[in-house]
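The values are calculated or read from the model by the stated rules, or taken from the named source; none is laboratory data. Just so we're clear, the structure is a prediction, and the values are computed from it rather than from any experiment. Methodologically, a virtual Cβ is constructed for each residue, glycine included, from the backbone with ideal geometry; neighbour enumeration extends over all protein chains shown. To get the accessible areas, we keep the full protein, side chains included, count just its heavy atoms, and leave off ligands, DNA and RNA. Shrake-Rupley method; radii C 1.70, N 1.55, O 1.52, S 1.80 Å.
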Amino acid sequence: SILKFLTLIYLNNMDLLKINFVDYWPGYDKSNNYFYHLLSTKYNVIIDKEDPDLLFFSVDYGNVGERDKYLNHRCKKIFYTGESVPANFESDKSIKIRNHQASYSIGKCDFAFTFDFSEDDRQYRLPLWVLCIDWFNKGGYGNPEFILKPELINKNDFISSEKSKFCAMVFSNPTQQRVDTYNLFSTYKKVDGFGKPFGNWTDGESVKYNNLKNYKFSVCYENRLYAGYYTEKLFHAKTAGNVPIYYSDEKVSNDFNEKCFINMNDYRSLNDLFEYVKKVDKDKELYNSYAKEPLFKGGIIKDEFLPNSVLKFFSNTILKS
């Protein structure tokens, strides 16, 4: 067809870029993910396991060590993580880290995409929540199976759903802080828990959204304080229409509008947080002051998180080095 012919002409005029992905989380699709689609906007991208130009690797969730096959290969090694761990630019030997019942193995890289605020030119800050946005109109990546279109961040059917229930919590790692909060908040009103500790694992982001859309609040604590470590938790809660009760460090205002959520770190104790949440729950005007605030300041995502900015890092730094 004419469309196929034109597509071939277009691809032939693009620079060929061979890439591969190893040591990622279960269900990671090598040809349907953020980096594949990002690079495909400028390059003719193909998956090449034998001779990639770029090798993307993560923290080796399956303890397979696939990246070791490429130790002496010419490819540029790019570390990506959605965990609160740093990149390894120096040690030829993989760095082992145990964090909240999980073990990670961090191989040496040439470049990295992490949560870290860093002045190292080899590193780009790309927090996990950025990958929860459907920049390339794909609907989902398998894992995650559902991602939200940019134009639906501030207004969507989840947000407009009736909030008939008090509070939800979604987690699989029962940190003491999460358990204590669940127990304390449950003394006031019913808190619905979703996740492995509750025996109802919500596998899939669309299921999570459809659960959260019914609640006024959701408690969405990160599992630890780590500067820049902001995952999908606050993003999902706010875009599902909740007032998030969040736990993170003070730099979260770099990414998000701090007026749209309640940050546990702003309170001296869990009891103080609890009393304030009860106050917000009972005061419609106060509640709406949070609910009506956009997730991002002015309703605008910073340029540094937009695909074009990330693509420039590839073009101007990684592929030119």
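When we screen LYS138, LYS108, LYS93 for residues that are of a type outside the set (Gly, Ala, Ser) and free of Cβ contacts under 8 Å to residues at least 24 places away in the same chain, the only hit is LYS93.
What residue, of LYS155, LYS138, LYS149, is open to solvent by 10 Å² or more (accessible area, probe 1.4 Å), touching a helix residue (DSSP H, G or I) at 6+ places or on another chain (Cβ under 8 Å) and basic (Lys, Arg)? Working first, answer last.
Numbers: LYS155 fails: touching a helix residue (DSSP H, G or I) at 6+ places or on another chain (Cβ under 8 Å); LYS149 fails: touching a helix residue (DSSP H, G or I) at 6+ places or on another chain (Cβ under 8 Å).
Result: LYS138 is the single residue among LYS155, LYS138, LYS149 that is open to solvent by 10 Å² or more (accessible area, probe 1.4 Å), touching a helix residue (DSSP H, G or I) at 6+ places or on another chain (Cβ under 8 Å) and basic (Lys, Arg).
Within the range 165-202, being in contact (Cβ under 8 Å) with a residue 40 or more places away in the chain, among the polar types (S, T, N, Q) and more than 19 Å from ASN265 (Cα to Cα) holds for one residue alone: ASN173.
Would you check if there is a residue in the range 143-164 being of a type in the set (Gly, Ala, Ser) and without any contact (Cβ under 8 Å) to a residue 40 or more places away in the chain? No, the range 143-164 has no match at all. Taking every residue in the range 269-282 that is within 14 Å of TYR182 (Cβ to Cβ) and surrounded by fewer than 16 Cβ atoms within 10 Å (Cβ to Cβ) and pairing it with any residue that is modelled with pLDDT of 95 or more and of a type in the set (Asp, Glu), at least 6 positions away or on another chain, the pairs with Cβ-Cβ distances below 8 Å are LEU270/ASP180.
Residues in the range 188-212 that are more than 22 Å from the chain's Cα centre (by Cα), open to solvent by less than 40 Å² (accessible area, probe 1.4 Å) and not hydrophobic (A, V, I, L, M, F, W, C): ASP192 alone. Filtering GLY27, GLY62 for residues that are out of contact with any strand residue (DSSP E or B) (no Cβ under 9 Å at 6 or more places or on another chain), on the phi > 0 side of the Ramachandran plot, modelled with pLDDT under 95 and open to solvent by 10 Å² or more (accessible area, probe 1.4 Å) leaves a single hit, GLY27. Taking the range 111-135 as the range and being farther than 15 Å from TYR34 by Cα, in contact (Cβ under 8 Å) with a residue 40 or more places away in the chain, open to solvent by less than 40 Å² (accessible area, probe 1.4 Å) and not aromatic (Phe, Trp, Tyr) as the test, only ASP116 passes.
Residue count for the range 193-223 under the criterion of being among the aliphatic types (A, V, I, L, M) and over 11 Å from GLY241 (Cβ atoms): the result is 2.
With respect to the conditions (1) of a type in the set (Lys, Arg); (2) in contact with a strand residue (DSSP E or B) (Cβ under 9 Å, 6 or more places away or on another chain); (3) open to solvent by 40 Å² or more (accessible area, probe 1.4 Å), LYS238 lacks only one, and its number is (3).
Looking at VAL219, is it of a type in the set (Val, Ile, Thr) and in a strand (DSSP E or B)? Taking the combined requirement at face value, the residue satisfies it.
Yes/no per residue for (1) assigned to a helix (DSSP H, G or I); (2) touching a helix residue (DSSP H, G or I) at 6+ places or on another chain (Cβ under 6 Å); (3) hydrophobic (A, V, I, L, M, F, W, C):
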{"position": "SER172", "(1), (2), (3)": "no, yes, no"}
{"position": "TYR182", "(1), (2), (3)": "yes, no, no"}
{"position": "SER206", "(1), (2), (3)": "yes, no, no"}
{"position": "PRO244", "(1), (2), (3)": "no, yes, no"}
{"position": "VAL252", "(1), (2), (3)": "yes, no, yes"}
{"position": "LYS259", "(1), (2), (3)": "yes, no, no"}
{"position": "ARG268", "(1), (2), (3)": "no, no, no"}
{"position": "PHE274", "(1), (2), (3)": "yes, yes, yes"}
{"position": "LYS279", "(1), (2), (3)": "yes, no, no"}
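Determine which member of the set TYR290, TYR247 is under 25 Å from TYR182 (Cβ atoms), touching an Asp or Glu at 6+ places or on another chain (Cβ under 8 Å) and in contact (Cβ under 8 Å) with a residue 40 or more places away in the chain. Of the residues listed, the single one that is under 25 Å from TYR182 (Cβ atoms), touching an Asp or Glu at 6+ places or on another chain (Cβ under 8 Å) and in contact (Cβ under 8 Å) with a residue 40 or more places away in the chain is TYR247.
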